[in-house]
Amino acid sequence: MSFIWPDMLWLLLVLPLLVLAYWVMMRRRKKYAMQYAGLATVRQAMDGTQQIRRHIPPALFLVALALMLLAAARPTAIMMLPSDQKTVILAVDVSGSMRANDVVPSRLAAAISAVKAFVRDMPRNSRVGLVAFAGTAAIVQAPTSNRDDLLEALDRLQLQRATAVGSGILVSLKAIFPDIEFNLDSLDPRPLESQDKLTAQELGKEPKSKPTGQFVPVPPGSYNSAAIILLTDGQTTTGPDPVEASLMAAERGVRVYTVGIGTEAGKILTGDGWAMHVRLDEEPLKKIAEVTKGQYFHAGTAHDLANVYKTLSSHLTLERREREVSGLFAAGAAVFAILSAFLSMLWFNRVL
């Protein structure tokens with residue numbers, strides 16, 4: 001806990017002085033009672049319970065005063081509160097590698113099942129959109145609060161060739177900022193195998209190009225009205241570099257939560273005269289989450305994937321925020337003050 005006006009805490013030093021004054025007053029009252037036989041007789045008639053009762057109302061009032069002084073210092077606390085997140089874009093990989101069954105019954109089937117549960121659990125005031133990407137990316141369902149439309153859109157997903165994770169990120173940004181034109185062709189379109197890997201120092205550089213129009217970058221993770229959840233096996237084969245694309249999300253403050261589905265061992269897929277080994281590639285997904293201040297999750301089984309989306313649901317609907325709680329302290333002070341006055345009237349027919 002912290003305080004907005006910590007200097008006000010010096011007023012708490014008055015509490016020991018009040019306790020001392022109360023003790024002095026009680027000593028004087030005892031001495032005065034001893035001087036008069038009638039008062040002494042009454043005092044002796046008082047049992048131990050009555051003696052304890054005498055101190056309860058003043059003690060409660062002292063607690064009330066302490067809480068009022070703490071409220072004056074304007075305390076703050078970290079609390080779990082409803083998030084400001086209003087739009088969530090689900091970017092789902094529908095490339096051919098998603099038919100691998102190292103995640104039962106298949107990567108795509110497990111992904112659709114988990115995403116459906118996630119959609120049902122999202123608050124009704126949240127808008128959820130769906131982007132599908134393979135060799136290209138497209139908005140399958142614009143952000144909407146209609147859950148039936150989203151579930152129907154998920155059922156329409158079909159496997160396609162190639163994987164362009166970077167395009168999935170950029171189209172997701174377009175879904176969040178429909179009035180901004182993103183130049184998808186400006187990023188390096190060569191296959192990832194022919195591009196040089198980004199170093200750690202390069203992650204903090206500006207992207208190779210920016211959207212048209214004047215734009216001032218904001219701190220990564222600072223945009224609280226929308227987020228992207230990217231689900232893929234991470235193996236980019238075409239399109240813009242996904243880490244470069246994530247820089248465009250980072251400079252707009254949009255967090256990208258990445259979910260890697262599959263196993264490191266992977267699976268061998270076969271077709272008409274061909275075979276291909278597909279495995280989970282986690283490194284780019286971790287970099288995307290790091291650059292955008294999001295978080296990376298690994299889902300090696302369908303059960304893991306369901307748990308990931310439960311975690312994401314709590315991340316996006318609740319968040320830890322610092323809030324002033326002086327009102328709670330003031331309310332507590334009022335309760336103790338009223339209780340003190342009530343007990344004093346009940347037991348002694350006077351207020352303190």
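The values are calculated or read from the model by the stated rules, or taken from the named source; none is laboratory data. None of these values were measured; they are calculated from a predicted model. Note: ideal-geometry Cβ built from the backbone for every residue, glycine included; neighbour counts use all protein chains shown.
A count restricted to the stretch 232-262 and to residues that are polar (S, T, N, Q) and either surrounded by 23 or more Cβ atoms within 10 Å (Cβ to Cβ) or under 19 Å from Val115 (Cα atoms) (or both) stands at 4. Among the residues of the stretch 256-287, those that are touching a Phe, Trp or Tyr at 6+ places or on another chain (Cβ under 8 Å) and not acidic (Asp, Glu) comprise Tyr257, Thr258, Val259, Gly260, Leu285, Lys286.
Within the stretch 51-95, the residues that satisfy the criterion of being at pLDDT below 90 and closer than 30 Å to Ile112 by Cα are Met80, Leu81, Pro82, Ser83, Asp84, Gln85, Lys86, Thr87.
When the stretch 294-303 is examined, which residues are found to be more than 19 Å from Gly96 (Cα to Cα) and crowded, with 16+ Cβ neighbours inside 10 Å?
Gly294, Gln295, Tyr296, Phe297, His298
Gln160 meets each of the listed conditions (1) under 23 Å from Leu285 (Cβ atoms); (2) modelled with pLDDT under 90 apart from (2). As a summary of the residue check, Thr270 satisfies the conditions (1) farther than 12 Å from Ile169 by Cβ; (2) surrounded by fewer than 24 Cβ atoms within 10 Å (Cβ to Cβ); (3) touching a Leu at 6+ places or on another chain (Cβ under 9 Å) except for the one numbered (3).
Under the condition of being within 29 Å of Thr270 (Cα to Cα) and either hydroxyl-bearing (Ser, Thr, Tyr) or not assigned by TED's automatic domain parsing to the domain that holds Asp155 (or both), the residues counted in the stretch 82-141 number 5. Taking Arg120, is it without any contact (Cβ under 8 Å) to a residue 40 or more places away in the chain and within 20 Å of Thr311 (Cβ to Cβ)? So Arg120 fits the description; yes. Looking at (1) surrounded by 24 or more Cβ atoms within 10 Å (Cβ to Cβ); (2) under 21 Å from Arg99 (Cβ atoms); (3) modelled with pLDDT of 80 or more, which is the only condition Glu282 fails? In the conditions (1) surrounded by 24 or more Cβ atoms within 10 Å (Cβ to Cβ); (2) under 21 Å from Arg99 (Cβ atoms); (3) modelled with pLDDT of 80 or more, Glu282 misses (1) alone.
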